[in-house]
Amino acid sequence: MASINKNYLRLQGSYLFSRIGEKVRNYQAANPDKEVIRLGIGDVTRPIAPAIISALHAAVDEMGAEETFRGYAPDLGYDFLRTAISENDFKARGCDISPDEIFVSDGAKGDCSNIQEIFGEDNRIAVCDPVYPVYVDSNVMAGRTGEYDDITEGFNDVIYMPCTKENDFTPDFPSEVPDLIYLCFPNNPTGAVIKKDRLQQWVDYARKNGSIILYDAAYESFITEEGIPHSIYECEGAKECAIEFRSFSKTAGFTGLRLGFTVIPKDLEAGGEKLWPLWARRHGTKYNGAPYIIQRAGEACYKPEGRAQIKEQIAYYLENARYIYNGLKEAGFEVYGGVNAPYIWLRTPNNMTSWEFFDYLLEKVNVVGTPGSGFGPHGEHYFRLTAFGSRENTIAAVDRIRKL
């Protein structure tokens, strides 16, 4: 008789954004005359930049000619894209990352969740709290997190590192040494960033204890302030202890195209084994590569015209973030983020739970955000809004909230 992976039964409720979607659909079905503004899910709204569209068209034409047609992509990605990534995202910042250390994929979400497959079941993970749910859920599916504790609202084999306003939403070293450490900066959901000297301390900590840092830098292009590292490899010794994930989704608006990459240094080891060959084996076995036309679109992001157009789009979203931050601040909310990240993290008023505040906003002003408790226990009494909406909707949503 067939059996199931019972670890899936230990997942807590539905996926956060699925639950939000269901609530909104039910509300709209009961209130079809209400105009709901969604600032919950971090999906982009600006069209793909013209230079990237041109690259897509050119690549499509190539696929229609016998002499330029391409089938399966190379396992690790086309050399033209990996070289562009190496030169622009890393070597330009003084990071010695070669094209061979870059694995092209269809997005950071899949890589962040799949990376745990190359590590043993006995590895103990540490996550920031609040945290992007995929980190924990993917390890739950693999049976690495222990049982769920209703009292602490967490899994007993996961080390939760509180990120609160008292520590500027950046984690302190845990009392127990983890094997795998998930860090995300600029942070989703809090919008916080980590300064280079503090990130260097984490690198030193990982090297000292034989831990591996899994560094999610999906939002690095939104960094506006000096002294904030865009890559963990800006820190000395990071190639000995860190894997980095990147995405084109928010940087270039590729949520509908799907493209990302993971960096695994050739000499990075765990348990005396190099990790690069393991991920290469996993990549080659379970993945047939991002489409050629999408990788050409990714390459266009690094050309002068593409870079300039993407920079304008990022500035558009950051202006949205500024408007949300200032508007809520003026209305008396306790607000964080929004400067180096497209997310605004606010304290719920009157000690409301985050889901109570979700329902309150939806029903009173028809605005949708994301309850902080969906990101972990320390997200309770907080709420996330995204800056990825249109300017018109962003202004309308903030004006509605200010009138409450």
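The values are calculated or read from the model by the stated rules, or taken from the named source; none is laboratory data. Predicted, not measured: the structure shown is a model, and the values here were computed from it. Virtual Cβ from ideal backbone geometry, glycine too; neighbours counted across all protein chains shown. Calculation scope for accessible area: heavy atoms of the full protein, side chains included, ligands and nucleic acids excluded. Shrake-Rupley method; radii C 1.70, N 1.55, O 1.52, S 1.80 Å.
Here are some notes:
- Long-range tail of P(r) for the range 1-126 (Cα pairs > 21 Å, %): 70
- Kirkwood estimate for the range 11-82, i.e. one over the average of 1/r between Cα atoms, Å: 17.1
- Sequence-separation-based contact order of the range 61-171, relative, with Cα cut under 8 Å and 6+ spacing, percent: 18
- With at most 14 neighbouring Cβ atoms within 10 Å, loop GluC sites (Glu not before Pro) (DSSP) excluded, longest segment of the chain: 237-333
- Here the Gaussian network model covers the chain, with springs between Cα atoms less than 10 Å apart; of Gly227, Gly389, Gly376, Gly227 fluctuates the most.
- Considering only chymotrypsin sites (Phe, Trp or Tyr not before Pro) in DSSP loops that have at most 15 other Cβ atoms within 10 Å, the longest stretch of the chain without any of them is 73-404.
- Only lysines eight or more places from Lys250 in sequence, or on another chain, were considered; those with a Cα closer than 18 Å are Lys109, Lys303, Lys311.
- Built from the Cα atoms of the range 344-404, the convex hull projects on average onto 3.9 nm², one quarter of its surface area.
- Carbon/sulfur fraction of accessible area - the chain, other protein chains in place, 1.4 Å, %: 48
- Difference of contour (0.36 nm per residue) and Cα-Cα distance, Asp197 to Leu11: 63.3 nm
- Solvent-accessible area of Asp150, all protein chains in place: 120 Å² (probe radius 1.4 Å, heavy atoms, ligands and nucleic acids excluded).
- Take every Cα pair under 8 Å whose residues are at least 6 apart in sequence, average their separation, divide by the length of the range 236-293, and the relative contact order is 27 percent.
- Calculated [222 nm] ellipticity per residue, helices only, for the chain: -10500 deg cm²/dmol; basis is -39500 (n - 2.57) per DSSP H run with n ≥ 4, divided by all residues, nearest 500.
- Normalised alpha carbon radius of gyration of the range 217-276 [divisor 2.2 N^0.38 Å]: 1.32
- Probe 1.4 Å, all protein chains present, accessible-area order of Asp157, Asp137, Asp216, largest first: Asp157, Asp137, Asp216
- Normalised by the number of residues in the chain, the average gap of Cα pairs under 8 Å and 6 or more apart makes the relative contact order 23 percent.
- Here the convex hull built on the C-alpha positions of the chain has a volume of 170 cubic angstrom per residue.
- Ser98/Glu334 FRET efficiency (R0 60 Å; Cβ-Cβ; nearest 0.05): 0.85
- Solvent-accessible heavy-atom area per residue, rounded to whole Å², over the chain at 1.4 Å: 44
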